[in-house]
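Some notes on the structure that comes next.
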Amino acid sequence: MGGVGDEEPATKRMKLSPGQLRGLSNGSSITEPVAGSSRDLMARPLTSEGDEEVVGSKGVIKRVEFVRLIAKALYSLGYKKSGAHLEEESGIPLHSSVVTLFMQQILDGNWDGSVDTLQKIGLSDENVTKSASFMILEQKFFELLDDEKDMDALKTLRTEIVPLCINGSRVRELSSCIVSPSFGGTPGKNIARAKSRPKLLEDLQKLLPPTVMILERRLEHLVEQALVLQRDACIFHNSLNEEMSLYTDHRCGRDQIPSRTLQILQAHSDEVWFLQFSHNGKYLASSSSDRLAIIWEVDVNGCVSLKHRLSGHQKPVSIVSWSPDDHQLLTCGVEEVVRRWDVSSGECLHVYEKPGLGLVSCGWFPDGKWIFSGVSDKSICMWELDGKELECWKGQRTLRISDLEITSDGKQIISTCRDNAILLLDREAKVEILIEEDQTITSFSLSRDNRFLLVNLLNQEIHLWSIEGEIKLVAKYKGHKRTRFVIRSCFGGLEQAFIASGSEDSQVYVWHRGSGELIEALPGHSGAVNCVSWNPTNTHMLASASDDRTIRIWGLKELKVKHRDAHSNGVHYCNGGT
């Protein structure tokens with residue numbers, strides 16, 4: 001591609017018998033009502049022989065905690081006998097006797113007893129004790145109202161809830177339930193009424209310290225967390241269907257990265273400067289120094305064929321941009337005009353131009369009703385689809401060779417405004433933010449989630465900037481070659497976990513985004529690779545555009561089925577369903 005110059009760039013209540021308590025989410029192990037002696041009512045540490053022991057090779061898992069979590073998981077899974085047997089054999093109870101009594105009292109609706117027992121649990125935080133008491137007494141209040149015992153409910157509110165001196169706004173809402181019970185609160189505002197007692201117990205479980213009542217599904221959460229951490233640490237993970245097992249540590253192979261040329265597209269007669277997959281992954285558009293743009297179609301098997309040649313530009317076509325619905329395409333000639341095309345028919349629908357000036361970049365607003373373009377006088381203009389100019393931001397907003405992006409909410413336009421600076425222009429707040437680099441910026445791209453910018457620099461580095469909240473540089477990628485030309489990179493793969501880039505040494509480079517590790521350098525082209533694009537719906541498909549006048553479609557190595565495609569003028573391999 002051309003060189004870089006100076007200017008470039010609430011449910012029904014239920015009562016359960018004590019024997020049903022094990023089946024609840026709280027996972028308690030009792031089978032009979034808890035009576036217990038007075039000493040049993042006092043909270044005490046859960047002790048067992050060897051309670052200071054640890055398990056596991058690292059010495060970080062406490063045996064008592066581990067056994068309690070396993071017992072909790074067994075009850076949650078419905079293995080009540082196994083849970084009870086584990087408690088008995090290990091000598092490690094899931095809950096202390098006072099906590100077990102407390103849980104039973106909640107399920108029995110023994111509100112006064114449960115509040116009294118709560119005090120005996122011995123919580124260190126008085127605010128937690130008050131909040132738990134409030135939840136219990138609120139349930140008592142609502143159940144009295146449901147039983148049409150309004151005076152008893154009022155007494156509970158005045159003598160038990162109010163003295164807690166917390167949650168004043170909620171107390172006023174409860175008062176309104178007596179004044180206007182049909183509304184369950186103030187007119188036009190519904191207030192949650194009595195919940196099921198098991199649900200109350202679940203909510204109390206979330207409030208009380210986990211050492212007192214273990215959170216529901218805690219063991220499952222820890223296991224899931226371990227699996228996710230393994231997956232995130234796997235630099236080759238690139239498939240939704242990749243199975244993960246508890247039996248082995250998770251590792252993906254290099255074969256998850258598209259690294260084999262499956263197809264060579266040869267319809268351009270000169271250097272291919274730019275290409276981009278459509279949002280739905282069904283099309284690929286390319287632009288070239290031959291003054292053509294081409295729309296390619298990707299079939300259900302991942303095979304690419306020529307759909308339309310788009311002619312009409314009088315200068316090389318530097319960039320293309322897909323409409324949000326992928327029904328239309330913009331193409332921009334080098335300091336020339338922007339053309340809008342119908343993807344289905346290949347017809348040119350409109351030409352956008354500025355008399356005496358050239359357009360250098362183009363893009364769509366997220367609603368698809370407007371387009372915008374960088375202009376050779378360094379301004380940015382916005383048009384309606386029919387060509388009516390709506391707004392123009394004057395001044396040094398963009399450069400002669402410039403990428404132009406807009407966030408998915410339509411609020412921020414992003415452009416290169418100086419050789420070493422990127423402008424984030426907030427259209428609504430009229431605020432401008434600059435990202436400044438030490439080196440000349442040659443291109444940039446915006447991540448799909450609008451959180452990151454990928455910036456290519458003159459010094460053969462690619463920088464990853466976080467633009468969500470505090471703007472900061474988070475990663476650098478090195479290894480590719482760039483001395484003279486504009487080289488573009490992209491996000492890609494599963495959850496955009498990878499960075500791909502072209503290079504002047506005729507290779508395609510792929511890094512793991514999080515670690516910065518270079519994964520692949522893919523040979524095949526015989527000229528500089530100017531641009532790459534990763535299919536957003538097929539994580540195993542990557543395309544590259546080169547000065548050798550070809551486009552290469554990259555896929556997984558194990559694909560072997562050969563086909564012949566007259567449109568591509570070359571042998572290709574299907575790339576699998578998406």
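Taking every residue in region 229-253 that is of a type in the set (Gly, Ala, Ser) and pairing it with any residue that is assigned to a helix (DSSP H, G or I) and open to solvent by less than 80 Å² (accessible area, probe 1.4 Å), at least 6 positions away or on another chain, the pairs with Cβ-Cβ distances below 8 Å are SER239/GLN256; SER239/LEU494.
Within region 277-329, the set of residues being farther than 18 Å from VAL351 by Cα, touching a Cys at 6+ places or on another chain (Cβ under 8 Å) and not small (Gly, Ala, Ser) comprises ASN301, CYS303. Taking the criterion of being in a loop (DSSP other than H, G, I, E, B) and either of a type in the set (Val, Ile, Thr) or at pLDDT 95 or above (or both), the residues of region 31-76 that qualify are THR31, VAL34, THR47, VAL60. Is it fair to say SER289 is under 19 Å from VAL337 (Cβ atoms), buried (at least 19 other Cβ atoms within 10 Å of the Cβ) and in the same structural domain as GLU504 (by the TED database)? Yes. Against the list (1) surrounded by fewer than 22 Cβ atoms within 10 Å (Cβ to Cβ); (2) in contact with a Ser or Thr (Cβ under 9 Å, 6 or more places away or on another chain); (3) closer than 23 Å to PRO258 by Cα, the condition GLY502 fails is (1). For region 112-171, the set of residues classified as among the small types (Gly, Ala, Ser) and open to solvent by less than 10 Å² (accessible area, probe 1.4 Å) consists of SER114, ALA132, SER133, ALA153, listed by residue number. Quick one: in region 399-411, which of the residues that are among the polar types (S, T, N, Q) and at pLDDT 90 or above is surrounded by the most Cβ atoms within 10 Å (Cβ to Cβ)? Checking each candidate, the answer is THR407.
Each residue in region 131-164 was checked for being under 18 Å from SER176 (Cβ atoms) and either of a type in the set (S, T, N, Q) or in contact with a His (Cβ under 8 Å, 6 or more places away or on another chain) (or both), and 2 pass. If only residues of region 116-130 that are over 38 Å from the mean Cα position of the chain (by Cα) and β-branched (Val, Ile, Thr) are counted, the one that is farthest from CYS177 (Cα to Cα) is ILE121. Would you call ASP249 in the same structural domain as SER546 (by the TED database) and either outside any loop (DSSP other than H, G, I, E, B) or open to solvent by 10 Å² or more (accessible area, probe 1.4 Å) (or both)? Taking the combined requirement at face value, the residue does not satisfy it. Considering LEU385, LEU330, LEU357, the condition of being buried (at least 18 other Cβ atoms within 10 Å of the Cβ) and either at pLDDT 95 or above or farther than 27 Å from HIS268 by Cβ (or both) is satisfied by LEU330 alone. Against the condition at pLDDT 90 or above, surrounded by fewer than 20 Cβ atoms within 10 Å (Cβ to Cβ) and part of a loop (DSSP other than H, G, I, E, B), how does THR211 come out, does it pass? Here the answer is yes, as THR211 does meet what is asked. Among the residues of region 241-300, the ones that are within 28 Å of the chain's Cα centre (by Cα) and of a type in the set (D, E, K, R) come to 8 in all. Within region 213-244, the set of residues being touching a helix residue (DSSP H, G or I) at 6+ places or on another chain (Cβ under 9 Å) and polar (S, T, N, Q) comprises ASN238, SER239. For SER443, the conditions (1) within 23 Å of LYS472 (Cβ to Cβ); (2) at pLDDT below 90; (3) part of a strand (DSSP E or B) are fulfilled apart from (2). For region 436-459, name all the residues that are hydrophobic (A, V, I, L, M, F, W, C) and closer than 12 Å to ILE422 by Cβ. Hits for region 436-459 are ILE441, PHE444, LEU446, LEU453, LEU454, VAL455, LEU457. I'd like the residue in region 457-473 that is crowded, with 18+ Cβ neighbours inside 10 Å and either touching a His at 6+ places or on another chain (Cβ under 8 Å) or at pLDDT below 90 (or both) and, out of all such residues, is nearest to TRP511 (Cα to Cα). Ranking the qualifying residues of region 457-473, first place goes to ILE462. Within region 443-451, identify whether any single residue is open to solvent by less than 30 Å² (accessible area, probe 1.4 Å), aromatic (Phe, Trp, Tyr) and more than 32 Å from the chain's Cα centre (by Cα), and answer yes or no. Within region 443-451 (the criterion being open to solvent by less than 30 Å² (accessible area, probe 1.4 Å), aromatic (Phe, Trp, Tyr) and more than 32 Å from the chain's Cα centre (by Cα)), the answer is no, since none of the residues qualifies.
On the stretch given as region 317-337, residues that are touching a Lys or Arg at 6+ places or on another chain (Cβ under 6 Å) and part of a loop (DSSP other than H, G, I, E, B) total 1. If you take the residues in region 172-201 that are modelled with pLDDT under 90 and charged (D, E, K, R), which one is nearest to THR156 (Cα to Cα)? Looking at the filtered set, the residue picked out is ARG193.
The values are calculated or read from the model by the stated rules, or taken from the named source; none is laboratory data. What you see is a predicted model; the values in this text were computed from it and never measured. Note: ideal-geometry Cβ built from the backbone for every residue, glycine included; neighbour counts use all protein chains shown. Side chains included, ligands, DNA and RNA excluded: accessible areas come from the protein's heavy atoms. Shrake-Rupley method; radii C 1.70, N 1.55, O 1.52, S 1.80 Å.
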